Amino acid sequence: MAAHQEKKPPEERKRRSAANDNGTSQAQWGRAWEVDWFSLASIIFLLMFAPLIVYYFIMCCDQYQCSLMDPLIDLFMGKKHLSDIWDKTPTLTYRAACIYTLWVTFQVILYVFIPDFCHKFLPGYVGGVQEGAVTPAGVVNKYEINGLQAWIITHVLWFANAYYFHFFSPTIIFDNWIPLLWCANILGYAVSTFAMIKSYFFPTNAKDCKFTGNFFYDYMMGIEFNPRIGKWFDFKLFFNGRPGIVAWTLINLSYAAKQQELYGQVTNSMILVNVLQGIYVLDFFWNEARYLKTIDICHDHFGWYLGWGDCVWLPYLYTLQGLYLVYHPVQLGTANAIGILMLGLIGYYIFRMTNHQKDLFRRTNGNCKIWGKKPEYIECSYMSVDGTKYYSKLLTSGFWGWARHFNYTGDLMGSLAYCLACGFEHILPYFYIVYMTILLTHRCIRDEHRCFSKYGKDWKRYTAAVPYRLIPGIF
Ligand code: NDP
C-alpha cells in the first residue's frame, strides 16, 4: 500500500524504458540475478548444515542437559560414537505426525476460511483485506489479514483445553519435540520444493520470477516473489506468520507447563521469557498489515530460506530459552528480574516506535508529526519493470535520524533480555542474540544494497544525512 499511495497521479508519472534517473537498471531491483562465489558457498553451507545445527541444539538439550560442549567432548574422547547419539534420538512417530498434520490443517483453515472480524471491534487494529507494496513487476497484491484472530482462537482453545476439557496435556509440544522436528522438516522441504517446481510450471506471476540459473541459489532464495494457490493462499504470509509464529507462544506455554509438572512451580525467568516473547508475537500479529511492507514480503522471494526457515528454524531456535529453562529452572533475584524486564521493554519500545514512525510517515505521505515536529525527509524515485516511475520518501528524523535501522537495535535489546533471563551457566540460550546480531546486521547490509539499487543517488543522499546503521556514532 505504501508504494501504491506514494505513486503520483498518472499525469505526473513518466514512462522510461531501461534506466531510471538514478542511473540504476531496473533489473537490479530485488534479489540478485547473478550469483557470486561467496553467496553460493554460503548457501551450500546453510543447505547442508542448518538442519544439522537445529538437530544439534535440540539433541544437546534432550541428551546433554543443554550443554553444547559435552557431546563434542564425548565424541572427541571416544566415549561415544555418532551412532550412539543417533540411536538415542527419538524417531518420527505416528502421534507426532497426527499432531503436526492437525496443527497445520487447523492453521490453514483459520487463514483461508475465516475472514477477519477483529478489525470490526478492536479500535486501531488494521485487519481484513489489505494491499501489499508494489512488486518489481508493478503488481499490488491483496492479502486477508487475519493473523491476530488466528492467534486468539488458537490460544483460547489452548487454555480451554488446559483448564477445562483436558483432551491433551499442555506439555504435549515439549513431550513430542523431536518427533515434531522431523514433521516440521518434512513440511519445510516439501513446501520449498513445491515452490520451486511451481515457479517453473505454474507461477502466480511470471514477471515477478527470478531465475539465476544456479539451482542451489534458486532453491534457497526462491524464484517466485509471491507464490499463491488460488486467490488468497499466499505462501509468504502463511508460512511466515503461521504455523511458526502462532506456535511460538504455544511452545513457550508448553515449556512452562513442563516446568510446573517437573518442579511444581514455574520460575520467574520462564514467566519473563513467556511475557517478553509473548509481547513480541502479539505485536507481530497486531501489526500484520504493516508486515506487508517489510523486507520478507516486499523483497524476498519464496524459497527454502523462508519455507524451511519458517517451519523449522524459527519454532525450534527462537524458543531455545524456554526449552533451556525446562532443564535448568532459573529463579532470578528481584533486581535482576526487574533489570531484564526493563531491558526487554525498552528494547520493545524502541523497536515498536521506530517501526511506527516509518509506518506513520509512509502512510500519511509525510503529513504527520514525528516527536512533535514536521518530519524531515529525502525525496526519492524508482521505477518498476514496466518503466513506470514512482516517487517515495526516506525519513531522516525521529529514530530514523539516529540510525538507518534503529528498529533492529531495539529488536536486539529485546533479544538480549530473553537470553539474560536464563543466567550464565550455559551458552546455548545465548545462541539467539548471536544469531539475531548476524541476521540483522546482514539484513541491514542486504537491504541497503537493495535500496541503493532502487533509489541510486537518492539513497546516497540519505546515507550522507543518516551515516550510522545500528548504533549512532559507532556502526
Ligand atoms: P524495515 O522495516 O526497516 O524495512 C526496510 C525498508 O524500509 C527498506 O527496504 C525501505 O523500503 C524502507 N526504508 C528504509 N529506510 C527508510 C526511511 N528512512 N524512511 C522510510 N522508509 C525507509 O526492515 P525489516 O522489514 O527487515 O524489519 C521489520 C521489523 O521486523 C524490524 O523491526 C526487525 O527488527 C524485525 N525483524 C525481525 C526478525 C526476527 O527474526 N525476529 C527478522 C527480520 C526482521 P522501501 O523500498 O519501501 O523504501
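The values are calculated or read from the model by the stated rules, or taken from the named source; none is laboratory data. Only a predicted model underlies this, so the values are computations on that prediction, with no experimental measurement involved. Every residue, glycine as well, gets a Cβ built from its backbone with ideal geometry; the counts of neighbours run over all protein chains shown. The protein model used for the area step is the full one, side chains on, heavy atoms only, and it has no ligands, DNA or RNA in it. Shrake-Rupley method; radii C 1.70, N 1.55, O 1.52, S 1.80 Å.
Every condition in (1) β-branched (Val, Ile, Thr); (2) under 30 Å from Cys209 (Cβ atoms); (3) open to solvent by 40 Å² or more (accessible area, probe 1.4 Å) is met by Ile99 except one, and the failing one is (2). Cβ-Cβ contacts under 7 Å between residues 6 or more apart (or on different chains), taken from a first residue in region 356-383 that is closer than 17 Å to Gly410 by Cβ and of a type in the set (D, E, K, R) to a second residue that is open to solvent by 40 Å² or more (accessible area, probe 1.4 Å) and near the ligand (Cβ under 10 Å from one of its atoms), are listed as Asp359/Arg290.
Applying the condition of being in contact with a strand residue (DSSP E or B) (Cβ under 8 Å, 6 or more places away or on another chain) and of a type outside the set (Lys, Arg) to region 228-248 and asking which residue is surrounded by the fewest Cβ atoms within 10 Å (Cβ to Cβ) yields Trp232. Scanning region 338-361 for residues that are open to solvent by 60 Å² or more (accessible area, probe 1.4 Å) and either assigned by the TED database to the domain that holds Thr294 or within 15 Å of the ligand (Cβ to nearest atom) (or both) yields Ile346, Tyr348, Tyr349, His356, Lys358.
Within region 249-302, restricting attention to residues that are more than 16 Å from the ligand (Cβ to nearest atom) and outside any helix (DSSP H, G or I), the residue that is surrounded by the most Cβ atoms within 10 Å (Cβ to Cβ) is Thr267.
The set of residues in region 32-55 that are modelled with pLDDT of 95 or more and open to solvent by 40 Å² or more (accessible area, probe 1.4 Å) comprises Leu52, Ile53. Take region 400-433 and flag every residue that is more than 20 Å from Leu314 (Cα to Cα), among the aromatic types (Phe, Trp, Tyr) and touching a helix residue (DSSP H, G or I) at 6+ places or on another chain (Cβ under 8 Å). Scanning region 400-433 gives Trp400, Phe406. Scanning region 120-142 for residues that are surrounded by fewer than 21 Cβ atoms within 10 Å (Cβ to Cβ) and either aromatic (Phe, Trp, Tyr) or in a strand (DSSP E or B) (or both) gives Phe121, Tyr125, Gly128, Val129, Gln130, Glu131, Ala133, Val140, Lys142.
Reported count of residues in region 417-475, each being in contact (Cβ under 8 Å) with a residue 24 or more places away in the chain, aliphatic (A, V, I, L, M) and near the ligand (Cβ under 10 Å from one of its atoms), is 4.
Pairs meeting the criteria (first residue in region 312-325 and of a type in the set (Val, Ile, Thr), second residue more than 12 Å from the ligand (Cβ to nearest atom) and open to solvent by 10 Å² or more (accessible area, probe 1.4 Å), beta carbons under 6 Å, at least 6 apart or on different chains) are Val312/Asn185. If the condition is being farther than 25 Å from Ile172 by Cβ, assigned to a loop (DSSP other than H, G, I, E, B) and open to solvent by less than 50 Å² (accessible area, probe 1.4 Å), then region 56-79 contributes Ser67, Leu68, Gly78.
Yes/no matrix, rows are residues, columns are (1) hydrophobic (A, V, I, L, M, F, W, C); (2) under 25 Å from the mean Cα position of the chain (by Cα); (3) outside the structural domain of Ile229 (by the TED database); (4) over 24 Å from Cys422 (Cα atoms):
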| position | (1), (2), (3), (4) |
| --- | --- |
| Pro51 | no, yes, yes, yes |
| Phe57 | yes, yes, yes, no |
| Pro71 | no, no, yes, no |
| Asp74 | no, no, yes, yes |
| Lys80 | no, no, yes, yes |
| His119 | no, yes, no, yes |
| Pro123 | no, no, no, yes |
| Gly128 | no, yes, no, yes |
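The lone criterion from (1) open to solvent by 30 Å² or more (accessible area, probe 1.4 Å); (2) under 15 Å from Val246 (Cβ atoms); (3) of a type in the set (Gly, Ala, Ser) left unmet by Ala184 is number (1).
Evaluate region 201-213: report whether one residue or more is in the same structural domain as Leu325 (by the TED database), part of a helix (DSSP H, G or I) and open to solvent by less than 20 Å² (accessible area, probe 1.4 Å). I'd like the intermediate steps shown before the answer.
Step one: list which residues in region 201-213 are in the same structural domain as Leu325 (by the TED database), which gives 201-213.
Restricting the remaining residues to those that are part of a helix (DSSP H, G or I) gives 201, 206-208.
Still in the running and open to solvent by less than 20 Å² (accessible area, probe 1.4 Å): 208.
Looking for residues that are in the same structural domain as Leu325 (by the TED database), part of a helix (DSSP H, G or I) and open to solvent by less than 20 Å² (accessible area, probe 1.4 Å), one finds at least one in region 201-213, hence yes.
Go through region 384-405 and give me each residue that's in contact (Cβ under 8 Å) with a residue 60 or more places away in the chain and within 9 Å of the ligand (Cβ to nearest atom). Listed by number, the residues that qualify are Ser392, Lys393, Leu394, Thr396, Trp400, Gly401, Arg404, His405. How many residues does region 314-361 hold that are outside any helix (DSSP H, G or I) and more than 30 Å from Leu181 (Cα to Cα)? Within region 314-361, residues that are outside any helix (DSSP H, G or I) and more than 30 Å from Leu181 (Cα to Cα) number 2. Put simply, of Leu306, Leu325 the only residue that is aliphatic (A, V, I, L, M), closer than 28 Å to Lys358 by Cα and either open to solvent by less than 10 Å² (accessible area, probe 1.4 Å) or within 14 Å of the ligand (Cβ to nearest atom) (or both) is Leu306.
Considering each of Ser397, Ser392 in turn, give the residue that is of a type outside the set (A, V, I, L, M, F, W, C) and under 21 Å from Ile471 (Cα atoms).
Checking each option against the conditions leaves just Ser397.
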